[in-house]
1. Restricted to Cα positions, what overall size does the stretch 159-263 have along the principal axes? Three whole-Å values, descending.
2. Rounded to the nearest 500, what is the 222 nm mean residue ellipticity of the chain from helices alone, with -39500 (n - 2.57) per DSSP H run of 4+ residues and division by all residues?
3. Starting from the Cα of residue 315, step 7 Å along the direction of its Cβ; do the same at residue 207; then give the gap between the two resulting points in nm.
4. Across the Cα atoms of the stretch 212-331, what radius of gyration and what greatest pairwise Cα-Cα distance (Dmax) are found, in Å?
5. How much length would be gained if the chain were fully extended between residue 277 and residue 304, taking 0.36 nm per residue of separation minus their Cα-Cα distance, in nm to one decimal?
6. Show me 129-136, 51-58 ranked by packing, highest mean number of other Cβ atoms within 10 Å first.
7. If r is the Cβ-Cβ distance from residue 183 to residue 326 and R0 is 30 Å, what FRET efficiency results, to the nearest 0.05?
8. At what distance in nm do the modelled label points of residue 138 and residue 92 sit from each other, each positioned 7 Å from its Cα along Cα→Cβ?
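Just so you know, all these numbers are worked out from the coordinates, no wet-lab data involved. Since we're looking at a predicted model, the values are computed, not measured. FYI the Cβ positions are ideal-geometry reconstructions off the backbone, even for glycines, and counts take in every protein chain you see.
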């Protein structure tokens, strides 16, 4: 993993120094969410996902929206304890389609996440990584071999932004994206948080969209999310809805087939459209599905075009619920 990893310590023994993951089995909390909140719009839409994270991060984003968790170096944020098997049993008990490693970046608690993934897969439960994709080649291969889906934060499309605003670099993230798109079966979606004046120019959005189409393919969904003032960027205003709408139009013009807006109320930007006939396939109002026009195998009911993603029988939706759970009470 890249420099800056937290949540681990060195223990000296007869064989030398050994790195120990001190957050293994400890979480900042568990919550059942709609899968669309990750955000994943093409991964079993309407399903519920058991979400959890630990503490710390390997990036130093000045605009972090979960900074109280990701920037913590203390165990005071680790409120719940759970074994991988207990998490899988909890997800099964509550009927969750998947378990998501989120809130802070799961690459820093990879061993724990991978063990949880094994326990989930043994019970037929999918796994989701919400990550910045900043990870070296070897652990990247091992980590994503355990994941069924990933939403990767492509935080900007300039090296200067990554250095100044996150303390990291752009190229390793692009390498991860290419790897996921071409060398794995992981379902991939992207999210870019648009920050006024820092990464929201039409030129940058156009260049990023062109790169995605050329290097990842036109079927990779892209989510543009609205920034709100927080952490070290509390002097920058929230992203206007108009900025997200403009970014979405640029990305669609570049050839991307599925582009969404997030953190704002914009039904058109929440809706999945058929790239072939243009019909409304999944109409969403925030995380609530108002209309669903896909077959079980993921085809448009109007023209039978294949819609990229992972689908199954649609038997209702989790909607806009958010249900905190304590694993200790369900283990």
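1. Taking the Cα atoms of the stretch 159-263, the three principal extents are 41, 29, 22 Å.
2. About -7000 deg cm²/dmol.
3. That separation, rounded to one decimal, is 4.9 nm.
4. 17.1, 50
5. Full extension of this stretch gives 8.8 nm more.
6. 51-58, 129-136
7. 0.20
8. According to this spin-label approximation, the distance is 3.4 nm.
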